[in-house]
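Take a look at the structure set out below.
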Amino acid sequence: MPRATISRRRLLTMLGSAAFMAACSGPPEPGLPLAPVPTPAAHPPVAFPRDEAPHNDLTEWWYYTGHLESADNRRWGFELVTFQIQRATLQPYYVAHFAVTDRQRGLFRYEDRQSQGAQAQPPEGFSLDVGGWRMAGLLGNDTLQAAMSAYGIDLRLSTRRPPVLHDGGLVTFGPAGDSYYYSRTRMEIAGSIDDHGERVPVKGLAWFDKQWGNFLVMGGGWDWFSMQLDDGSDLMLNLIRNQAGQTTIAYGTYVAPDGTFKHLTGNQFEVSVLGTWASPHTGITYPSGWRATVREPALDVRVAPVLSDQELDARTSTSMVYWEGAQTIVGTLNGQPIAGQGYVELVGY
C-alpha cells in the first residue's frame, strides 16, 4: 500500500489507527523522492485551537462523516474529507473526497478533487478549499460546503463537548512514526442538502476526525467503526491488519453521554464479521455486517450497512479503492435495548 507520496486519514488506523476513510496516497509524481523514514521526536500535547490548523507534517486530514434527516423523514449519509500531503520541498498537495448515501433512492455517489499550493489560514481554527469544496472550523463550530452531480451540502456543525483524544491524543507506530488523533464525535448539524435539484432543509449528527504527523503507511489495511448511540454515547473501534491479513493492532474509545471518554485496548472489545459483499465495479470482496461487543460498558450490537454498495474508487487521486458507508445499529447496552447510527471504513481488501 504505501507509495512515496501519502496515505490518509486512517493511515493511522493502518499504522495503528484512525478514521479516514481509507487511505490516501499522493499524486503520481515520477521524480518525487521517497519520504524519509520518520525519526523519534518529542511530542507536545494537543492544544486547541492551535492544532485545528494545518501542520508542517507529512500527513494530515480533516474528516467528516454524518447522517442527515429532513422534516418528512428522508435520510442521507455523507462523507467529506480533505487530505494535506507534504513531501520534500514541494508545495502542499490537497485531495478531497465527497460522497452521499441516498437512502430513499438506494444510491451512493462520490467524487474527488485535487489542488496544490499553500492555503491561507485564519488567525485561529482552519479553513480549506479544494476545487470549491470548503470546510472551516474553530472550537467545535464548523461549516461544510460541497457539491457534485445531483447532490450538494451546505451545513453548520456545532458541539459543546470537548474533543476526544484517542489514546491520549497520540498513536505511536514505532519505526513508522507517530500520529496525533482527536475527534469531535457528536456534532449537531443544521443546514441543507441539494438532492437532484431540490434544496431540502436537514438536521442530524456528524463525526469529525483529525489526524496529523510524520508517519508513513504500512500494513495490509484496516476496519474502522464510528457509532453514535441513542443514549448519547459514542464509540470508535479500529482493527489494523498486516500484509497477511491478520489483525495486529486493535484499540478504541468509548465516549459516555456526558462527554467523558476512555481508551479501549484490544482485549476489551471484539468485532466479528456477519457477511460479505462483492463489488460489481472492482471485483473486491468486503466484509458486510458485523457484531461488535464491548466489555465495559456491556455493549452488544449489530452493525449493518444502509446500502451494500458504498465503495469509492479513488485511484485517480489517492491510488486507493476503499469502502466507507453509513450504518444502522441495534443491540443492547447493559442489558437494555439500544439503537444508533454509524460509519464504517474498510481499507486493504
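Bear in mind these aren't lab numbers, they're just calculated from the coordinates by the rules spelled out. Note that this is a predicted model, so its numbers are computed, not measured. Cβ coordinates were reconstructed from backbone atoms using ideal geometry, including for glycine residues, and neighbour counts include every protein chain displayed.
Which parts of segment 269-309 would a label at residue 332 reach, counting a residue when its backbone N lies under 20 Å from a point 7 Å out along Cα-to-Cβ? Only 269-274, 290-304 fall inside the zone, counting backbone N under 20 Å.
Rg/Rh for segment 87-167 (Cα atoms only, Rh after Kirkwood) is 1.03. Peptides 227-237, 257-267 ranked from most to least packed, by the mean per-residue count of other Cβ atoms within 10 Å: 227-237, 257-267. When the Gaussian network model of the chain links Cα atoms closer than 10 Å, the mean-square fluctuations of 153, 284, 193 top out at 284.
Of the three principal axes defined by the Cα atoms of segment 181-236, the extents in descending order read 43, 32, 20 Å.
Given the chain, report the % of alpha carbon pairs whose separation exceeds 40 Å. The proportion of pairs with Cα distances above 40 Å equals 5 percent. Per residue, the chain reaches -500 deg cm²/dmol at 222 nm when only DSSP H runs of four or more residues are counted, each adding -39500 (n - 2.57).
For the residues 222, 323, 277, a GNM of the chain with alpha-carbon springs under 10 Å puts the largest fluctuation on 277. For a modelled paramagnetic label at residue 90, 7 Å from Cα along Cα-to-Cβ, the residues of segment 96-125 in reach, with backbone nitrogen under 15 Å, are 96, 114-118.
When each of the peptides 59-67, 308-316, 179-187, 42-50 is scored by the mean number of other C-beta atoms lying within 10 Å of its residues, the order from highest to lowest reads 59-67, 179-187, 308-316, 42-50. The tail of the calculated P(r) for segment 212-251 beyond 16 Å holds 51 percent of all Cα-Cα pairs. Between residue 278 and residue 121, residue separation times 0.36 nm minus the direct Cα-Cα distance comes to 52.3 nm.
Taking the inverse of the mean 1/r over every pair of distinct Cα atoms in segment 128-254 gives a Kirkwood hydrodynamic radius of 16.7 Å.
Over the chain, Cα pairs under 8 Å with separation of 6+ residues give a relative contact order of 18 percent. A viscosity of 0.890 mPa s and a temperature of 25 °C, combined with the Kirkwood radius over Cα pairs in Stokes-Einstein, give a translational diffusion coefficient for segment 238-335 of 160 µm²/s.
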